[in-house]
Amino acid sequence: MKLLEINRAILDVLEKGFTTSDETGEIFETEDLDALEMAFEDKIDGIAYYIKNEETMIQQLKEESKSLAQRAKSHEGHVNWMKRYVLNALLARDMTKLETVKNNITTRKSTYVDIKDEEDLPRKYLTKTVSLKPDRKAIKEVLDSGKKVRGAELAERVNIYFK
């Protein structure tokens, strides 16, 4: 039986004195309450075990993701170093392109803005970026003291923990 079906069966037995399983046609009576309670606990226990396994998997995947990101960054650094190495070798010989059987390597000039000192830049060339977010800790302290904060209120939630 599914968890909700077990719950419904327990409530039916408590209200009517009996219930019938939709799947098997089995009749549960007051004497069967202990068995239904055990089935309920077993089902919850199984779900909790599954949740703990999933949380472990999530943590392992996050750690693996970090590891892969670090490896990718390392490879990017190596590739960038190798590109500079090849570019410097070509520039040392005043070459702008090299064609081989496997590769066609070319160089081209481009321009970019090199900011030497941001503090020296005129204000009109600066863009303002502001990021605001609620200070939940400060708001909670004010609300806990009995004062009101427009746009916020204390709310209660029920959390579940698996150990």
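The values are calculated or read from the model by the stated rules, or taken from the named source; none is laboratory data. Treat the numbers as computed from the prediction; the structure is a model and nothing was measured. No Cβ is skipped: glycine too gets one built from the backbone with ideal geometry, and neighbour counts run over all protein chains shown. All accessible areas refer to the heavy atoms of the entire protein, side chains included, with ligands and DNA or RNA removed. Shrake-Rupley method; radii C 1.70, N 1.55, O 1.52, S 1.80 Å.
Assorted remarks:
- Pairs meeting the criteria (first residue in the range 1-24 and within 17 Å of MET38 (Cα to Cα), second residue modelled with pLDDT under 75 and among the aromatic types (Phe, Trp, Tyr), beta carbons under 6 Å, at least 6 apart or on different chains) are ALA9/PHE28; VAL13/PHE28; THR19/PHE28.
A quick yes/no check of all residues on (1) in a loop (DSSP other than H, G, I, E, B); (2) open to solvent by less than 80 Å² (accessible area, probe 1.4 Å); (3) among the aromatic types (Phe, Trp, Tyr):
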position	(1), (2), (3)
LYS83	no, no, no
VAL86	no, yes, no
ASP94	yes, no, no
GLU119	no, no, no
LYS147	yes, no, no
LEU154	yes, no, no
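- Check on LYS124, assigned to a loop (DSSP other than H, G, I, E, B), open to solvent by 90 Å² or more (accessible area, probe 1.4 Å) and not hydrophobic (A, V, I, L, M, F, W, C): no
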